[in-house]
Structures are given as C-alpha cells and as structure tokens.
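Working notes, structure below.
The values are calculated or read from the model by the stated rules, or taken from the named source; none is laboratory data. Predicted model only: the values in this text are computed from it and were never measured. With ideal geometry, Cβ positions are generated from the backbone for all residues, glycine too; neighbour counts draw on all protein chains shown.
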Amino acid sequence: MAWWSRSTDIPKLKARRNVEGLITALKSGESNVIRVEAARALGEVKDPQAVSALVDVLGERCVTQTLTLEAIQTLREKGKLLSILRAGLG
C-alpha cells in the first residue's frame, strides 16, 4: 500500500491543500474511485501544479471514461483545456 492509502481521505487532503498527496492519489493505479475523487479535488484546490498531472491522465492508455471526463472537466474549469487542445492540434 502507498503511504497515502492509509488516509485516502481525499477531503482531508483537499482541506490541507496537500496538492502533492492529491497528485499521488491521482497517479495511483489502485482505485479509479480514488483517482476520480483526487481529480475533482485538484480542481477545487485550484493549484497550478494540478494541470500537468491532469494532462498526464489524459495521455494514459488504460484510463476509465469517468476519470477522463473528470480530468477534462477540471482542466476546463481551470481555463486550460482550450490552450491544451490548441497545442495538441497545432
């Protein structure tokens, strides 16, 4: 188990603004539920570090539709989605 698994309390990580912990949870392959919750929390924390972690999720081969949609929604809310799409299509 990863160190954050003992306290996979995403609301607690969010309340503490523990962006590194949320990114670790997002990148974890242990639970898609945790990953989706972490993506959502990263959007609510509004930390710029979250953008690259969310973009990385979009590049994964075996990501669930729910996680993909949550990452897209979070990037859209951060105002980053359009610039990422333009860069990718550029």
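Test of understanding: among 40, 86, which residue is out of contact with any Cys (no Cβ under 6 Å at 6 or more places or on another chain) and modelled with pLDDT of 85 or more? Working first, answer last.
Values: 86 fails: modelled with pLDDT of 85 or more.
Within the list 40, 86, the selection yields 40.
In region 28-64, which residue that is of a type in the set (Lys, Arg) and within 18 Å of residue 78 (Cβ to Cβ) is surrounded by the fewest Cβ atoms within 10 Å (Cβ to Cβ)? Before the answer, list the steps.
Residues of region 28-64 of a type in the set (Lys, Arg): 35, 40, 46, 61.
Next, only the ones that are within 18 Å of residue 78 (Cβ to Cβ) stay: 35, 40, 46.
On the way: 35: 24, 40: 18, 46: 12.
Among those residues, the one meeting the criterion is 46.
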Those residues of region 61-75 that are within 18 Å of residue 23 (Cα to Cα) and not in a loop (DSSP other than H, G, I, E, B) come to a total of 10
